[in-house]
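One structure is given here, and the rest of the page talks about it.
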Amino acid sequence: MISIRRRLLGVLFTAVVLAMFAGAAGTYRLALRGIDQVFDYHLEQLALSLRDQAFASTYNPPLPPSADDEFDFVIQVWTRDGDRLYFSNPQVLLPNRAQLGFATLETAEGKWRVFTIALRDQVIQVAQPLSARQKLATSAALHTVLPFIFLLPLLGGLIWWLVGRELAPLYRIAHSVGKRTPNSLEPLRLDGVPSEAQPLVESINHLLERLAAALASQRAFVADAAHELRTPLTALQLQMQLTERAETAEDRNAAIAELKHGLQRASRVVQQLLTLARQDPAEAGVTAGSSPVVRLAELAALAAADHAALAEAKHIDLGVSASDESAVVRGNFEDLRTLAANLIGNAVRYTPDGGRVDVAVRSGDGRCWIEVDDSGPGIPPEERERVFDRFYRRADNGEPGSGLGLAIVKAIATRHGASVSLDTSALGGLAARVSFPAASDATTRRA
């Protein structure tokens, strides 16, 4: 698992160490540059201090210096003609000639910094190994960085504390979310939250709002479902009691017939409740964007065929008046078939005997429609929005039902990114229209 704290500690501590070594390198270069200037000045001054010294005309080299001699400089003196008069350390291999002024020479023993000057009738050269200068520069850099090396544990602890202090708001947010119960969905407070963490907190608050709305919707649904199921279940119990108390075969058969009708109504309510529960409004548009396309003409024909027997029993003229084969939409085939079946089923049930129900499928301008027109009583304009509510039934409605049909249509349409509208039909009843965004390809799901 990735830890922001460990990553921050690693990055910051690495940055501190790199900065320390970079400072040491810079200090070494600056110290070496300063030491070069100082020792070049010493070379020049040492050479000038020898201008009044008298050297024998015959070269007699001195004894080698002792092993503990810490004198780093080497001195050579020549005549104007090039005869060497003096050499302080014959064991050092330096050239017999040198250019005037400062120069850096490469020898078998390493690099040397030399200064040569012509004074009167002599040429004086003073040399010093660069290793001595580098040693002093390294010592200066080490003395500069050494305190920081001893301070590294303290710096590490300070970085640990600072990182923990700055990440504390995130831990508070995590603790606040962790102690929430399913019923405590109030938004998280933004007080003291860093600006970088505010988008996260706002997203969590939006999620909590959606969860609260979903839970409220589920509670309302369960309460409505319990209330709606109580009536048919009570009716079934009464019908069962009437069946048990029937004294004649005719009364018993009538009671059993009523019991069957009650069971059918209860089964329909349960089935519609299950269908409605499957339609999650939080996933609106998901089905439409991820499923294969479906031909609305084929769908409408199947739904009309499913209700042909009911329409024939009521002598209702049920048919598909327009069938556009190019009307294809994205979605779940079975859910869309349920949508069409509910629209046609409502129209057939509420249309009086001998009436008419027309189903049409059309497309154009990037949209596809399925329309159901009937010659029934219709719905007054002031109630057309309320009929989409769960369990809502009109007061003067004589047909049995659960009040879930149009709620299911609305939920399925929303899930597929479609819209539902109700209007007055040209047949005199209700015109129900569902408008879908047209699919972009022609891959079709067959029944």
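Taken together, the values in this text are just the output of simple stated rules run on the coordinates, not laboratory data. A quick note: this is a predicted structure, and the numbers were derived from the prediction, not measured. Cβ coordinates were reconstructed from backbone atoms using ideal geometry, including for glycine residues, and neighbour counts include every protein chain displayed.
In terms of the mean number of neighbouring beta-carbon atoms within 10 Å, the peptides 329-342, 360-373 order highest first as 329-342, 360-373.
Here the extension length gained between SER203 and VAL17 equals 63.2 nm, from 0.36 nm per residue of separation less the Cα-Cα distance. In terms of surrounding Cβ atoms within a 10 Å radius of their Cβ, VAL409, VAL145, VAL177 rank from fewest to most as VAL177, VAL145, VAL409. Annotation: the residues ASP36, ASP358, sorted from fewest to most other C-beta atoms within 10 Å of their own C-beta, follow the order ASP36, ASP358. For LEU151 and ASP423, the difference between the fully extended length at 0.36 nm per residue and the C-alpha to C-alpha distance is 89.8 nm.
The fewest-to-most ranking of GLU258, GLU385 by surrounding Cβ atoms within 10 Å reads GLU385, GLU258.
Using a Förster radius of 51 Å, what is the FRET efficiency between THR181 and THR144 based on their Cβ-Cβ separation? Nearest 0.05, please. Once the sixth-power term is evaluated, E becomes 0.30.
Subtracting the Cα-Cα distance of PHE71 and ALA174 from their residue separation scaled by 0.36 nm leaves 30.1 nm.
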